[in-house]
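Asker: Once you've had a glance at the structure underneath, I'll fire off some questions.
The values are calculated or read from the model by the stated rules, or taken from the named source; none is laboratory data. These figures come from a predicted structure and were not determined experimentally. So basically every Cβ, Gly included, is an ideal-geometry build from the backbone, and we count neighbours across all protein chains shown. Accessible surface is based on the protein model in full, side chains and every heavy atom, while ligands, DNA and RNA are left aside. Shrake-Rupley method; radii C 1.70, N 1.55, O 1.52, S 1.80 Å.
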Amino acid sequence: MSETGDPEFKRIRWRCRRGMRELDQLMLRYLDQAWPMADDGERKLFLQLLDCEDDKLWRWFMGLERPEDESIDAIVARISNLPH
């Protein structure tokens, strides 16, 4: 089942656009590769991640810092390890 026509999916895709190319690529890679198979819990974590500030996201994905929340840290690691 394709979610690309779903208005909610389109809204999430728009939220993945961060204005920083590297972050855009990471978020969209997750959305395209992992979102379709993710369970509700993982999807909720991803949406929570999208609420974070770009500077925090950058530091987390570059390995300069780690999120205090272990669940957020896990989704950051999952996204970082997705194939390019």
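Asker: At 1.4 Å probe size, with the rest of the protein present, what percent of the exposed accessible area of the chain is carbon and sulfur atoms?
Answerer: 50 percent
Asker: Going by alpha carbons, how many degrees (0 to 90, nearest 10) lie between the helix axis of 21-33 and the longest principal axis of the chain?
Answerer: The angle comes out at about 50 degrees.
Asker: If you take the square roots of the eigenvalues of the alpha-carbon gyration tensor of the chain and sort them as a ≥ b ≥ c, do you get rounded (a/c under 1.5), prolate (a/b over b/c) or oblate?
Answerer: Verdict is prolate for the chain.
Asker: Assuming 0.36 nm per residue, please report the length gained on full extension of the stretch Trp14 to Glu53 beyond their Cα-Cα distance.
Answerer: 12.5 nm
Asker: May I pose another question? Can you pull out the GluC sites (Glu not before Pro) in the range 16-84 that DSSP calls coil and that have at most 14 other Cβ atoms within 10 Å?
Answerer: Glu53, Glu65, Glu68
Asker: Can you pull out the trypsin sites (Lys or Arg not before Pro) in the range 1-63 whose DSSP state is coil and whose Cβ has at most 16 other Cβ atoms within 10 Å?
Answerer: Arg17
Asker: For the Cα atoms of the chain, what angle does the longest principal axis make with the long axis of helix 70-80, in degrees from 0 to 90, nearest 10?
Answerer: The answer is roughly 70 degrees.
Asker: Shifting gears a bit: Stretch Glu68-Leu28 to full length: gain in nm at 0.36 nm per residue minus the Cα-Cα span?
Answerer: Contour length minus Cα-Cα distance gives 12.0 nm.
Asker: Which whole-number value in Å² is the accessible area per residue of the chain, probe 1.4 Å?
Answerer: That works out to 67 Å² for each residue.
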